[in-house]
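The values are calculated or read from the model by the stated rules, or taken from the named source; none is laboratory data. These numbers come from a predicted model, not from an experiment. Don't worry about glycine lacking a Cβ; one is built from the backbone with ideal geometry, like all the others, and counts go over all protein chains shown.
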Amino acid sequence: MASMNPRPRPKVMSLTDAAAQRVREIMAGNDKPVAALKVGVKNGGCAGMSYTMEWASEIGKFDEVVEDKGAKVVIDPKAILFLLGTEMDYKTDRLSSGFVFKNPNETSACGCGESVAITPAKPEALAARE
């Protein structure tokens with residue numbers, strides 16, 4: 001007899017220890033309660049697309065929830081195929097600090113580092129997650 005519980009799907013995105021720690025720190029220090037950090041992509045920039053991040057006061061019906069290392073991130077449903085397999089990191093160097101994305105779907109990036117070209121994963125890759 002088949003199990004009634006579906007097999008857990010792999011995460012669309014994972015977080016490094018540094019990224020998870022930074023998300024937890026920022027959420028704890030937020031003035032208003034937030035449900036999660038929402039990550040997406042938008043058209044724009046010299047390479048064609050850029051990553052977006054904003055605080056979500058609630059989790060949308062179709063948002064993909066990623067809970068990793070004690071941090072909660074939601075993925076905009078329109079961005080899932082663009083972010084499939086991405087690792088989110090947090091880097092600090094002498095001149096700047098911020099979140100960075102290691103995305104296997106990126107095909108190129110601009111010189112300024114603000115925008116990327118992303119080829120969406122094929123729908124079969126999403127189906128393989130299920």
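Worth a mention:
- Filtering the stretch 23-36 to residues that are out of contact with any Leu (no Cβ under 9 Å at 6 or more places or on another chain) and either assigned to a helix (DSSP H, G or I) or in contact (Cβ under 8 Å) with a residue 40 or more places away in the chain (or both) leaves R24, E25, A28.
- Qualifying residue in the stretch 76-89 (condition: within 13 Å of the chain's Cα centre (by Cα), at pLDDT 90 or above, among the basic types (K, R) and not in a strand (DSSP E or B)): yes
- Extreme residue, surrounded by the fewest Cβ atoms within 10 Å (Cβ to Cβ), among residues of the stretch 10-38 that are more than 17 Å from E54 (Cβ to Cβ) and of a type in the set (S, T, N, Q): Q21
- Scanning the stretch 40-76 for residues that are at positive phi, free of Cβ contacts under 8 Å to residues at least 60 places away in the same chain and out of contact with any Asp or Glu (no Cβ under 8 Å at 6 or more places or on another chain) turns up just one, G70.
- Flag if V41 is surrounded by 14 or more Cβ atoms within 10 Å (Cβ to Cβ) and assigned to a strand (DSSP E or B): yes
- So R9, is it modelled with pLDDT under 90, over 16 Å from the mean Cα position of the chain (by Cα) and not in a strand (DSSP E or B): no
- Candidate set from the stretch 54-95 (those that are β-branched (V, I, T) and within 24 Å of N30 (Cα to Cα)); member that is surrounded by the fewest Cβ atoms within 10 Å (Cβ to Cβ): T92
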